[in-house]
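Asker: Once you've had a glance at the structure underneath, I'll fire off some questions.
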Amino acid sequence: MRPKRRDEPTFTEVGRRRQIVDAAIGTIAEVGYSAASFARIAQRAGLSSPGLISYHFADKDELIGQVVAAIYRTGGDRIRPRADEAGSSAQALAAFVAGSVEFYDSHRDHMRTLLQILHGHPHARERWVDEANAAELDGIEQVLVEGQAAGEFRGDLTPRVTATVIRDLLSGALARLLNTPDLDVPTYTAELVDLCRHAVEKAPRSS
C-alpha cells in the first residue's frame, strides 16, 4: 500500500521527484519507452530501490505525465522569452522558429523521449500532448494575427492554417535533426526562419 502523503511536498520531496523525472527522460531516450522500467529509472537516478519511485508517483502513467509536462515546460522556458522580447511580430516569429530548433538541438534526449512516449503510450496524445500542442499553436496564431493587424504580414493568409504549417515544418525539422548526425544546424535554422518569414511577410512595394 502506498504511504499516505501530505498535501504539500517538502523541499526534499520536490527535489527527489525532479531527480526521478530527469532520470526517466534519460532512460527513455536511451532504451525506449517500453524498456524504461522503474528498476532502470531508479538505477539511473541513483536510488537504492525502485520502490522509492512508487513513493513519489502512484504509477508509471503519473510519472510519464510529469515527464511530458517537464519537457514542454523546459521548452517554453527556453523559447518563450525570446519571442516575448521581440520588437515586432516578424521578429517574434523568427525567434520562435529559431528558438524551437535550437531547443531541439540542445535537448535531444528530451525530444527523443517525447517521441518515444508518443509512439509507445496508446493514450499519450489525448492525456498529455494534445493540450500542450494546441497551446503552442494558439501562440503562433496570435503572432500571425498581431502581424496582420500591424501591417507586417499578408492580409490574405489564414492564421490558423499558416500556424499549422509552421508547426508541421518544425516537426519535420525535429525529425531531420534527430536522424541526421552531421546536419549543419545553424544553416538549417537560418533557412527555415527565412522560409517562414518570406511566406508570411508582405511583399515590398515596387517603386
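Asker: At 222 nm, what helix-only mean residue ellipticity would the chain give, in deg cm²/dmol to the nearest 500, using -39500 (n - 2.57) for each DSSP H run of four or more?
Answerer: On the way: 9 runs with 148 residues, N = 207.
Value at 222 nm, helices only: -24000 deg cm²/dmol.
Asker: Build a GNM of the chain with springs between Cα atoms under 10 Å: which of LEU195, LEU118, LEU144 gets the top mean-square fluctuation?
Answerer: Per the Cα network of the chain with a 10 Å cutoff, LEU195 tops the list.
Asker: Among ASP61, ASP77, ASP182, determine the one that fluctuates most according to a GNM of the chain built with springs between C-alpha atoms less than 10 Å apart.
Answerer: ASP182
Asker: What residues qualify as long-range amide H neighbours of PHE153, i.e. H under 5 Å apart, gap of 5 or more or another chain, H built at 1.01 Å from N?
Answerer: Result for PHE153 returns GLN148, LYS202.
Asker: Normalised by the number of residues in the stretch 19-126, what is the relative contact order in percent for Cα pairs under 8 Å and 6+ residues apart?
Answerer: Rounded, it is 32 percent for the stretch 19-126.
Asker: I've got another one for you. Which helices count as membrane-span-like in the chain under these terms: full DSSP H, at least 24 Å along the axis by C-alpha, Kyte-Doolittle mean of -0.5 or more? Mind showing how you got there, number by number?
Answerer: Numbers: long enough: 11-31 (30 Å, 0.22); 60-84 (35 Å, -0.52); 89-106 (25 Å, 0.68); 130-149 (28 Å, -0.23); 159-179 (30 Å, 0.60).
For the chain, where a helix must reach 24 Å along its axis and average at least -0.5, the hits are 11-31, 89-106, 130-149, 159-179.
Asker: Let me ask something else. Would you order THR74, THR12 from fewest to most other beta-carbon atoms within 10 Å of each residue's own beta-carbon?
Answerer: THR12, THR74
Asker: Which one of VAL185, VAL67, VAL21 has the biggest mean-square fluctuation once the chain is modelled by GNM with Cα springs under 10 Å?
Answerer: VAL185
Any read-out appearing in this document is the output of simple, stated calculations on the displayed coordinates, not a laboratory observation. These numbers come from a predicted model, not from an experiment. Don't worry about glycine lacking a Cβ; one is built from the backbone with ideal geometry, like all the others, and counts go over all protein chains shown.
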